[in-house]
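A short reminder: the numbers here are calculations on the coordinates, not readings from a lab. Every value quoted in this text rests on a predicted model; they were computed, and no experiment measured them. Positions of Cβ are generated from backbone atoms using ideal geometry, with glycine treated the same way; all protein chains shown enter the neighbour counts.
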Amino acid sequence: MAFALSIVKLEEAMKKPGCMICRTEQETAIHTLKSMLWESTNDFHHRELIKDAYGFCPEHTRMVVALELSTSGPVLGVNLIYESVVKKTLRELQGVKPGRKTGGGFYEWLRNLGLPLPKWVKPGVLTPKVACPACTTSTQTGMNTLSTMFEQIEIRDENFISIYQQSDGVCFSHLRLGLTQLMDEHPQAAAFLIEDTKKRLSAHQAGMLEYIRKHNWAYKHEQMSEEEKLAWIKTLTFYTGHPESRFSHKVDEF
Ligand SMILES: [Zn+2]
Ligand SMILES: [Zn+2]
């Protein structure tokens with residue numbers, strides 16, 4: 001049984017553009033990064049996690065920097081976090097000896113005999129012990145939220161279903177995850193989501209076909225409807241989870 005608070009939160013996310021699960025994941029990542037930024041100076045557990053992951057993934061690194069730069073203070077959190085990551089990296093680089101391959105024992109013996117090493121033997125160098133901590137918490141929350149969604153649809157919560165139908169819908173990767181993990185337990189919800197997605201995609205497809213057709217010189221005089229103009233963006237929202245506004249003329253520079 002889903003908690004009332006998580007249902008309310010999910011309903012709020014559904015009323016905003018883009019995939020509601022992606023949105024929840026993003027909010028969780030922000031929350032995680034904020035707490036790691038402001039508390040990691042004292043929180044040993046957080047600090048160890050970040051070090052074990054060699055910092056955050058590229059996307060969450062940008063996010064943590066943006067969070068800190070958006071405050072008026074100095075960039076102290078990022079300095080503290082990354083100084084400790086650098087310290088660990090330097091210590092570990094010290095232990096990597098070129099020419100002396102790791103693996104040892106049995107593998108060393110195979111190598112001495114001139115036999116090939118099994119393909120799966122990849123001596124680890126600088127291997128993170130854990131994934132990016134913000135990815136870990138956000139993925140976990142995403143999965144819980146997806147579960148809540150399947151549960152509410154399964155018990156036919158009419159209000160919830162109606163909000164879902166007016167939303168941008170769940171994105172491709174979260175639909176796939178939900179169907180893979182939750183379909184057996186929630187067959188009605190899975191059937192509903194499959195039908196709903198088919199309906200949306202068919203409408204987008206029709207819109208895109210009309211968009212293409214009306215760009216043909218012979219049909220240029222025909223008016224283009226709003227749905228036809230937006231069908232491709234809605235399609236991209238489905239495949240990426242991103243809200244409409246994320247698709248613009250701006251190319252992110254490296
Ligand atoms: Zn999504
Ligand atoms: Zn991450």
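Overall, the ratio between the Cα radius of gyration of region 146-219 and 2.2 N^0.38 Å, rounded to two decimals, is 1.38. Which distance in Å, rounded to a whole number, links the C-alpha centroids of region 182-216 and region 1-62? Going from one Cα centre to the other spans 30 Å. To the nearest ten degrees, helix 187-214 and the longest principal axis of the Cα atoms of the chain are 70 degrees apart.
Report, to the nearest 10°, how far helix 133-154 tilts away from the longest principal axis of the Cα atoms in the chain, using its own Cα long axis and a range of 0 to 90°. Helix 133-154 sits roughly 30 degrees off the main axis of the chain. With a Förster radius of 25 Å applied to the C-beta separation of T136 and T89, the computed FRET efficiency comes to 0.80.
Pair-distance distribution of the chain: all C-alpha pairs, bin width 10 Å, starting at 0; shares per bin in whole percent are 6, 21, 22, 22, 17, 9, 3, 0. Label sites at I212 and M224, each approximated as a point 7 angstrom past Cα along Cα to Cβ, lie 1.5 nm apart.
Axis of helix 20-39 versus longest Cα principal axis of the chain: the two differ by about 40°, to the nearest ten degrees.
Restricting region 174-219 to GluC sites (Glu not before Pro) that sit in a DSSP loop and have at most 12 other Cβ atoms within 10 Å of their own Cβ leaves E185. Rounded to 0.05, the FRET efficiency of the E39 and V96 pair, given R0 = 30 Å and the Cβ-Cβ distance, is 0.40. Label-to-label distance for N159 and L76 is 4.5 nm, based on points extended 7 Å past Cα in the beta-carbon direction. Taking all Cα pairs closer than 8 Å and separated by 6 or more residues, the relative contact order of region 179-246 comes to 26 percent. The residues packed around K16, meaning those with a beta-carbon under 14 Å from its beta-carbon, carry a net charge of -2 if Lys and Arg are +1 and Asp and Glu are -1.
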